[in-house]
Amino acid sequence: MTEYKEWIGIVAIACALLAGVAFGGSYIGTLVVWIAIAAVMASSLRFVLLIGELNFASAAFFGIGAYCTGYIVNHADLPFVLTLALSGGLALVVSIVFGGITLKVKGPYFLLIGFAFTEALRIFYTRMEALGGNSGLVGIFPPAWLDAHYQYFTTVLCFLLILGLLGIERSHLGKIFIAIRDNENVVRSVGNRVFFTKVVCFAIASTVAGLAGSLHAFANNVISPLDFGFMLSIFALAYLKVGGEDSPLGPVMGAALLVCVASYAQSLGGNEHILYGLAIVLSVLFMPKGLAGLADLLRRKKESVA
Amino acid sequence: MQEVFQLLFTALQISAVYILFSLGLTLIFGVLKVVNFAHGQLFTFGALVLSLTMGALAPSLGHGWAAYLVAGLAGLAACLAVGLVIYQFGFKRLERDMTGSFILSAGLVLLFEGLMLEVFGGAVRPVPALLEGNVQMLGLMVSRQRLVLLVFAVLLTAAILTLLRYTRFGKALRAVAIDYEAAMLQGIAYRRIALYGFLMACALAATAGMLIAPVAAVTPTLGDAYLVKGFIAVVVGGMGSIVGAVAGSLLIALLESFVGFYFDPSIANLAIFVIVMVVLLVKPKGFFGND
Amino acid sequence: MRIMFHSSVALKTASVAAMLIAANLCAAETIKLGLSVPLSGAAANWGKGSDWLCAKAAQEIKAQGGIKVQGQTHQFECVSYDNQYNAAEGTKVAQALVMRDGVQFVVGSIGTAPVRALQSLAERKNVLLFTVAWGASIKGPKFPFTFSSMNTPLEISEPMISFIKKQHPEIKTVAMLNPNDATGQEAEKVTKAAWEKNGAKVLVSDLYERGTSEFQPIAARLNAVKPDLVDLGAVPPADVGLIFKELKSLGWNGVKVVEAGTGADGLLATGKDAVEGTYLGAAIPANSMTPHQKELDEGMRKATGEGVNAVQIGAYDAVWAIKAAMEKAQSIDPVAVAKTMPTVKFKSFYGETGFGGKDIYGSDQQMLLPVIITRLTGSTLQEVGRVER
């Protein structure tokens, strides 16, 4: 797929979703917001995969953003945009500290440290009286001026974030990320600061996850510690894997498909875990490049026929 | 002093299951370089099959050793069959692909948990104790079933260490773990060794699950807590290292027992997660890791 | 992909439209009752049982001629979704029930966090909501559409503890343990106060993580203070069994109390003979069951593998309460039904009852149910005391 076509694909899906908000009624609108937020989570996961690391801490940063928003709304009356910015900012600061310490380890160790961090934070929330303990925080509503347009706002912002990540991926910096994944030592030998670059990549992805968490808190109005367990990272992984991690379009397609299917399966009384589990297993085994890869394959076949 | 002794012994008992669990994880990582998240599900599956078979056998065999033996073999066979399927159709295609195989195992976790809930239901399944009652040992009260578990864990660990150190198969397995390409050049059938290693790990998980069943709440979510702890043990000890898995399990059990006693059980959980991060900062490969 | 997405949106829109049309067409017959309950994970049986009892109550009402409002006869139908015990899934369930399925009456909701997510939507959309969640923060005049259909520590602890203190006047010291969640934290506060008020000293009061598998350190800690009584407040049944078993192997042998103890099955499955003599505060004893209660209990055993318990009964009673309120108000509008609810009398699982609780919560939103204190002897529960309210 050419770079140009991926941009168009993402923008087209965004337009389709916005149309869904406009014409689909209230439930479809909510569904669209979930898709958009899920797509950002999966894109953030994919962004760290550019340097070859599976970032299980993304659920933790999503949670940090959501809890920061929840705390501000409940305890301090700050403007909406500032709340959003502070939530992303907190995720940024924490991710720089966390990444600065942990990105020295790689592969399975990095994965499991992120897993431990996510679970530790979850237990931490339950013990914090100010964060509502186990019951979580309630009453996180968007401001009155935005309330009617919140679904549009979230969808547009989410897709801007996704396009932003894609822009960075296509920049010079993004090329260094991929080079680090392919061979760290080569990158180092030509004078790049590998560790610093890794932290930058991790911090960008975590900030985006934090912002998504903030949007999630405003969209759901209620948050609780169990929302941000490691299962969230596994779900994001499912979106990514089903969509295909090679293309930036993949996470968006995976999120759209799985969120819709899950909502449909819910009304059939289906077990969500079986559905997501089956989706991951089948796509890993039979569709290693995901939906995006499948689409690519089909087009190439068509071209070769023509 | 008595208190400390009791806590030390408690830690030893808890670590027995963690050791059996993490040995399997580390074995799989050693031969396949796969982080198998679905290990906990096999553990649970073993316990569930045991309870089901015990229930079915109760009218004819009662709850004696014979029933345990038959049910245990059934659990083992069921887990090995599932393990074989997972390996042949799953991990074999993704060998040495760390990310891909991890994602596959994460999918298997969700799938198995959902399926087991549908098939076995959410109710707690009673499993009668193999040995009832307590014994007094060095001034400590210990339940007999726990003692059986401990003895089994020690024997199995010893057997595995011997197997790896002194047999041809064990040597081949270790060679594969260190450098599989070099091992293949030496004429070691990598595929076969990897399969046996994986099945051995499945058997360990099933055994651990079936040993803990009489003293645990047997439900489809039984393995979750052990998975987290087992993983932390392996990471702290060093992935792929057998000694590391044992040491890591002991450390986790000690923390759980002492922090849980002197502070609060919920803080103990937090402490375990904090410790793993600290350890990895000091020793990024764990205590005994060489990979 | 774009095509797939369009088709799924189209599918959704079509199904929603079809549902709306269908809802309009049979408005006179069927009223949908929603449930937001855990159907997976450790608490799956609570959700499955609630779903089964809701359907059972609807079936019984149908057999008795339905709900008669202004000359029309209505029937109930139950829809249950899995809230996985957290707020995020609770929100999804709330959206699906209220916005997609158009549910106006929720008869069962379990778990404080997901219930708060549902309540936040339900109170704004005028949806009547029954819950068995314990948090006092979700009840009262601020939430006119929310009602509770199960006793909470606020109702159980005080009568139960003073009863036990009378039975065992020698009790001077207590050790407490609760799960580290909304329910456990709430129970801890109330029971602790009740023990102090009744003249017993609480030596230690701990929280532990749900999903814990090794209870030896916890038991060691409880045993170390040598309490006369161990109170496991809101600890789930299977864990209660494990803790008492470990305590027994440590040589402890005192009085055992579980306020939230909903049944003997879980305790016996893991605790075996170590749970002998445990006092439970929310269980239904087999020896004093009416034939109708027995029938439900047996049906539940077939459906979930365990006997009926108070959490699940909440959904059953809520269905009957809604029927009574609808007939009294002569309306199926949730606003009118909610307004009438505090004044109705209806036949619950336990017998004739109504609503109260103004002195505690500030509004009459609490279903008045008897506190039945049971004691485990052998493998059965014996009723030892009952406080009618």
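The values are calculated or read from the model by the stated rules, or taken from the named source; none is laboratory data. Only a predicted model underlies this, so the values are computations on that prediction, with no experimental measurement involved. FYI the Cβ positions are ideal-geometry reconstructions off the backbone, even for glycines, and counts take in every protein chain you see.
Quick notes
- Matching entry among B:Leu104, B:Leu76, B:Leu84 (being within 9 Å of chain A (Cβ to nearest Cβ) and not in a loop (DSSP other than H, G, I, E, B)): B:Leu104
- Residue check, B:Val17 surrounded by fewer than 23 Cβ atoms within 10 Å (Cβ to Cβ), out of contact with any His (no Cβ under 9 Å at 6 or more places or on another chain) and within 22 Å of B:Val154 (Cβ to Cβ): no
- Subset of region A:241-284 (residues that are facing chain B (nearest Cβ under 10 Å), part of a loop (DSSP other than H, G, I, E, B) and acidic (Asp, Glu)): A:Glu245
- Qualifying residue in region C:74-95 (condition: assigned by TED's automatic domain parsing to the domain that holds C:Val308, under 16 Å from the mean Cα position of the chain (by Cα), farther than 25 Å from A:Gly63 by Cβ and of a type in the set (Ser, Thr, Tyr)): yes
- In region C:94-135, residue farthest from the other protein chains (Cβ to nearest Cβ) [restricted to those that are part of a strand (DSSP E or B) and among the β-branched types (Val, Ile, Thr)]: C:Val107
- Test: residue in region B:154-166 that is over 19 Å from the mean Cα position of the chain (by Cα), of a type outside the set (A, V, I, L, M) and surrounded by 13 or more Cβ atoms within 10 Å (Cβ to Cβ): no
- Some residue of region B:257-277 being facing another protein chain (nearest Cβ under 8 Å), closer than 18 Å to A:Arg122 by Cβ, in contact with a Ser or Thr (Cβ under 7 Å, 6 or more places away or on another chain) and part of a helix (DSSP H, G or I): yes
- Every residue from region B:111-133 that is away from chain A (no Cβ under 13 Å), aliphatic (A, V, I, L, M) and touching a residue at least 60 places away in the same chain (Cβ under 8 Å): B:Ala123, B:Val124, B:Val127, B:Ala129, B:Leu130
Matching residues to (1) at pLDDT 90 or above; (2) assigned by TED's automatic domain parsing to the domain that holds C:Lys272; (3) among the basic types (Lys, Arg):
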| site | (1), (2), (3) |
| --- | --- |
| C:Lys201 | yes, yes, yes |
| C:Arg210 | no, yes, yes |
| C:Phe215 | no, yes, no |
| C:Ala220 | no, yes, no |
| C:Val225 | yes, yes, no |
| C:Val230 | yes, yes, no |
| C:Ala238 | no, yes, no |
| C:Leu247 | yes, yes, no |
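- Test for B:Ser266: is it hydroxyl-bearing (Ser, Thr, Tyr), over 22 Å from the mean Cα position of the chain (by Cα) and crowded, with 19+ Cβ neighbours inside 10 Å: yes
- Unmet requirement for C:Val311, which otherwise passes all of (1) farther than 27 Å from C:Phe355 by Cβ; (2) in a helix (DSSP H, G or I); (3) in contact (Cβ under 8 Å) with a residue 40 or more places away in the chain: (1)
- Candidate set from region C:40-51 (those that are under 14 Å from the mean Cα position of the chain (by Cα) and touching a residue at least 40 places away in the same chain (Cβ under 8 Å)); member that is farthest from the other protein chains (Cβ to nearest Cβ): C:Ser50
- Failed condition for C:Val174, given (1) surrounded by fewer than 24 Cβ atoms within 10 Å (Cβ to Cβ); (2) under 27 Å from the mean Cα position of the chain (by Cα); (3) over 21 Å from B:Val218 (Cα atoms): (1)
- Among residues of region A:163-178 that are over 14 Å from A:Arg46 (Cα atoms), those with a Cβ under 7 angstrom from a residue that is surrounded by 13 or more Cβ atoms within 10 Å (Cβ to Cβ) and of a type outside the set (Lys, Arg), sequence gap 6+ or separate chain, pair up as A:Ile176/A:Val187; A:Ile176/A:Asn192; A:Ile176/A:Thr197.
- Where strands (runs of 3 or more DSSP E) fall wholly inside region C:193-282, the ranges with 1 or more residues that are more than 7 Å from every other protein chain (Cβ to nearest Cβ) and small (Gly, Ala, Ser) are C:201-208.
- The numbered conditions (1) more than 14 Å from chain C (Cβ to nearest Cβ); (2) modelled with pLDDT under 85; (3) part of a helix (DSSP H, G or I) are all true for B:Ala205 except (2).
- Unique match (being part of a loop (DSSP other than H, G, I, E, B), among the hydrophobic types (A, V, I, L, M, F, W, C) and more than 8 Å from chain B (Cβ to nearest Cβ)) among A:Leu90, A:Leu78, A:Leu86: A:Leu78
- Tallying residues that are part of a helix (DSSP H, G or I), within 8 Å of chain C (Cβ to nearest Cβ) and in contact with a Ser or Thr (Cβ under 7 Å, 6 or more places away or on another chain) within region B:216-233 yields 3.
- Residue count for region B:234-250, restricted to those that are within 14 Å of chain A (Cβ to nearest Cβ) and out of contact with any Leu (no Cβ under 9 Å at 6 or more places or on another chain): 4
- Filter result (assigned to a helix (DSSP H, G or I), surrounded by fewer than 24 Cβ atoms within 10 Å (Cβ to Cβ) and modelled with pLDDT under 90) within region B:234-256: B:Ile242, B:Val243
- Residues that are surrounded by fewer than 19 Cβ atoms within 10 Å (Cβ to Cβ), within 30 Å of C:Trp134 (Cα to Cα) and within 13 Å of another protein chain (Cβ to nearest Cβ) are absent from region A:146-161 altogether.
- Residue within region B:87-96 that is polar (S, T, N, Q) and not in a helix (DSSP H, G or I) present: no
- B:Val35 assigned to a helix (DSSP H, G or I), in contact (Cβ under 8 Å) with a residue 60 or more places away in the chain and under 30 Å from A:Phe230 (Cα atoms): no
- Every condition in (1) surrounded by fewer than 21 Cβ atoms within 10 Å (Cβ to Cβ); (2) out of contact with any Gly (no Cβ under 9 Å at 6 or more places or on another chain); (3) modelled with pLDDT of 95 or more; (4) not aliphatic (A, V, I, L, M) is met by A:Ser26 except one, and the failing one is (3).
- Region C:135-151: number of residues that are under 24 Å from C:Asp206 (Cα atoms) and in contact (Cβ under 8 Å) with a residue 60 or more places away in the chain: 2
- Output for region B:148-164, where each listed residue is in contact (Cβ under 8 Å) with a residue 60 or more places away in the chain and out of contact with any Leu (no Cβ under 8 Å at 6 or more places or on another chain): B:Val154, B:Leu161
- Complete set of residues in region C:297-308 that are hydrophobic (A, V, I, L, M, F, W, C) and either under 13 Å from C:Gly263 (Cβ atoms) or surrounded by fewer than 17 Cβ atoms within 10 Å (Cβ to Cβ) (or both): C:Met300, C:Val308
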